[in-house]
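Before any comments, here is the structure.
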């Protein structure tokens, strides 16, 4: 029995559509290159009487592409370097989210 087409994560992450090629540099040495979806949604949070307007950059990728990726590693997306803020967060279906912060 073959898998449904939506289970082919590589087809979902083709760079000729929405995905982009990224390079992760591990703080312990080495690097990883893979396709991922980058987005940077706007966040308007209210903290008491203060408003915080910011963004939340993140990558969506295959969990199998990010072994050993952890907080403190860096990633280059379309020429911009970001710090990775947490270990990959699995969605339970083979994909993961990497939370990012623009590097100063």
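Derivation of every value follows stated rules applied to the coordinates shown; laboratory data play no part. Note that the coordinates shown come from a computational prediction; the quantities given were computed from them, not determined experimentally. When we count neighbours, we look across all protein chains shown, and the Cβ atoms used for this are built from the backbone with ideal geometry, even at glycine.
Quick rundown of the values:
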| quantity | calculated |
| --- | --- |
| Distance between the range 50-98 and the range 26-40 - C-alpha centres, whole angstrom | 8 Å |
| P(r), alpha carbons of the range 5-102 - 5 Å bins starting at zero, rounded % | 3, 13, 22, 23, 17, 11, 6, 3, 1, 0 |
| Theoretical gain in end-to-end length, residue 31 to residue 93 [0.36 nm per residue, Cα-Cα removed] | 19.9 nm |
| The chain: calculated mean residue ellipticity at 222 nm from DSSP helix runs of at least 4, using -39500 (n - 2.57) | -500 deg cm²/dmol |
| Inter-label distance, nm, simple model (7 Å from Cα along the C-beta direction), residue 39/residue 104 | 2.9 nm |
| Top of 26, 47, 85 by mean-square fluctuation, Gaussian network on the chain, Cα under 10 Å | 47 |
| GNM result for the chain, Cα springs below 10 Å: residue of 80, 25, 60 fluctuating most strongly | 80 |
| The chain: most fluctuating residue of 30, 48, 72 per GNM, C-alpha cutoff 10 Å | 48 |
| Separation of the residue 14 and residue 78 label points, Cα + 7 Å toward Cβ, nm | 2.0 nm |
